[in-house]
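Everything below concerns the one structure shown next.
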Amino acid sequence: MSTRREFIKQVTVAASVGAAMSMGLTPLYAQAATAGVWLMPDEGEKHQRAFISFGAQDAIWEDFTPDVQAALGRIASSIARYEPVTVFCRQRERDLAEEHCGTTNITYVTTELDDIWMRDIGANFVIDEKGELGAVDFNFNGWGNKQQHGKDAKLAALVAGNAQADYLRSELVGEGGAIEVDGHGTGIMTESSWINSNRNPEWSKAEVEQALKDRLGLRKIIWLPGIKGKDITDAHVDFYARFIKPGVVIANLDNDPASYDYKVTRAHLEILKNATDADGRKLQVHSVSPPLNPRQNKFSKNNPDFAAGYINYFVINGAVIAPEFGDRAADARAFSLLSELYPDRKVVQLNIDAISAGGGGIHCVTSHQPMA
């Protein structure tokens, strides 16, 4: 029996390849790079607003679709208590989106969508030395043409336009979930996502690194190996390591010996503990482990793609929106650590099992516009 990840990878791949080709990926990177010096701020800096894609559909999520929509609603309404939220939804689902997400502090924009992964399909905001806002489009291609994406590939430009930001199109292909920065010139990324022939064929590691540095204002990238082919993203960094602030990192440490991440996360931890940031500081590294006993339900039971990781949280104005998985001890440890690391923010834990069933988390389905 196919897993959900395998099902997702099989959906309309042929159509998605055609859509990507029709985009005509004009190399605007070199032109835009000369327009100014851009820097991606840390996620913990002040937000103008957050974004959600209310895009679950039966063709991808099957019988999980209503549950995914409900989980998106919980996330959107929780964020809206702290900062404005823009929800992108299909015109025919506007009422349903409002029913789930609410209307307080939430704006709706109707557009065609393929799926829910806002972090990967939205714009990646940067700010220049004058405080002007830019929005980088990394040419989303369905994580290497693994899923239909023709509609989602257009969303970054729409987000940029709505924000009245300078639209900056990169030559690289990649996703926002593959980017982690400290806002001071240091990035953490996985080689498996960026240096991959399904995104950037014929690009060397040095070329990918320089393009990312130029576009995001980075002076140093700490590369983690990641692992290819085990999940649809080829191991996005936002399930492995996150900056708390410059010089401080929280890392995933998988304690299940049967998990492929058991060795991967230990290799990552060793790299991070021996790394320095762009300013030469040795990193202070905290670790958190996924639950070994998540609640058993239709989302998690016999589902190897169930993504029960605490790293995939979203930092917003005044709060950290984080997952819980029904393992009381593990949930409590994650809550305690996040509360310690983010003392000025309230940690809000949510049940997102339906989204985790598809291999993602809260950070994956959100993005934000920094205050410029």
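The values are calculated or read from the model by the stated rules, or taken from the named source; none is laboratory data. Since the model is a prediction, treat every value here as computed from it, not as a measurement. Positions of Cβ are backbone-derived with ideal geometry, glycine not excepted, and every protein chain shown enters the neighbour counts.
Does Ile244 fit the bill of being of a type in the set (Val, Ile, Thr), within 19 Å of the chain's Cα centre (by Cα) and part of a loop (DSSP other than H, G, I, E, B)?
Taking the combined requirement at face value, the residue does not satisfy it.
So is Asp128 surrounded by fewer than 19 Cβ atoms within 10 Å (Cβ to Cβ), within 16 Å of Val37 (Cα to Cα) and in contact with a helix residue (DSSP H, G or I) (Cβ under 8 Å, 6 or more places away or on another chain) or not? I'd like the intermediate steps shown before the answer.
Details: surrounded by fewer than 19 Cβ atoms within 10 Å (Cβ to Cβ): yes; within 16 Å of Val37 (Cα to Cα): yes; in contact with a helix residue (DSSP H, G or I) (Cβ under 8 Å, 6 or more places away or on another chain): no.
It is false that Asp128 is surrounded by fewer than 19 Cβ atoms within 10 Å (Cβ to Cβ), within 16 Å of Val37 (Cα to Cα) and in contact with a helix residue (DSSP H, G or I) (Cβ under 8 Å, 6 or more places away or on another chain).
Per this entry, Glu324 is counted among residues that are charged (D, E, K, R), more than 20 Å from Val237 (Cβ to Cβ), free of Cβ contacts under 8 Å to residues at least 60 places away in the same chain and crowded, with 16+ Cβ neighbours inside 10 Å.
Could you please find all residues in the range 188-221 being in contact (Cβ under 8 Å) with a residue 60 or more places away in the chain and within 20 Å of the chain's Cα centre (by Cα)?
At the first step, the residues of the range 188-221 found to be in contact (Cβ under 8 Å) with a residue 60 or more places away in the chain are 188, 211, 214-218.
Of everything in the range 188-221, those that are in contact (Cβ under 8 Å) with a residue 60 or more places away in the chain and within 20 Å of the chain's Cα centre (by Cα) turn out to be Ile188, Ala211, Arg215, Leu216, Gly217, Leu218.
Remark: pairs (first residue in the range 121-145, over 12 Å from Gln369 (Cα atoms); second residue part of a strand (DSSP E or B) and small (Gly, Ala, Ser); Cβ separation under 8 Å; 6+ apart in sequence or on different chains) = Ile121/Ser53; Asp128/Gly134. Among the candidates Lys263, Lys228, Lys245, the residue that is at pLDDT 95 or above and either farther than 21 Å from His363 by Cα or of a type in the set (Val, Ile, Thr) (or both) is uniquely Lys263.
Do we find a residue being touching a strand residue (DSSP E or B) at 6+ places or on another chain (Cβ under 9 Å) and of a type in the set (Gly, Ala, Ser) anywhere in the range 200-207? Even if it seems obvious, please write down each step before you answer.
Within the range 200-207, the subset touching a strand residue (DSSP E or B) at 6+ places or on another chain (Cβ under 9 Å) is 205.
Imposing the further condition that a residue be of a type in the set (Gly, Ala, Ser) reduces the set to none.
No, the conditions are met nowhere in the range 200-207.
The C-beta contact set for the range 280-295 (first residue farther than 19 Å from Tyr240 by Cβ, second residue in a loop (DSSP other than H, G, I, E, B), distance under 6 angstrom, 6+ apart or interchain) comprises Arg281/Gly247; Asn293/Asp327; Arg295/Gly326.
Which residue is surrounded by the fewest Cβ atoms within 10 Å (Cβ to Cβ), if the candidates are limited to the range 243-276 and must be within 18 Å of Gly185 (Cβ to Cβ) and either β-branched (Val, Ile, Thr) or touching a Phe, Trp or Tyr at 6+ places or on another chain (Cβ under 8 Å) (or both)?
First, pick out the residues of the range 243-276 that are within 18 Å of Gly185 (Cβ to Cβ): 243-249, 272, 275-276.
From the residues that got through so far, the ones that are either β-branched (Val, Ile, Thr) or touching a Phe, Trp or Tyr at 6+ places or on another chain (Cβ under 8 Å) (or both) too are 244, 248-249, 276.
Details: Ile244: 19, Val248: 16, Val249: 25, Thr276: 13.
Looking at the filtered set, the residue picked out is Thr276.
When Phe299 is tested against (1) touching a residue at least 40 places away in the same chain (Cβ under 8 Å); (2) assigned to a loop (DSSP other than H, G, I, E, B); (3) surrounded by fewer than 19 Cβ atoms within 10 Å (Cβ to Cβ), exactly one condition is not met: (3).
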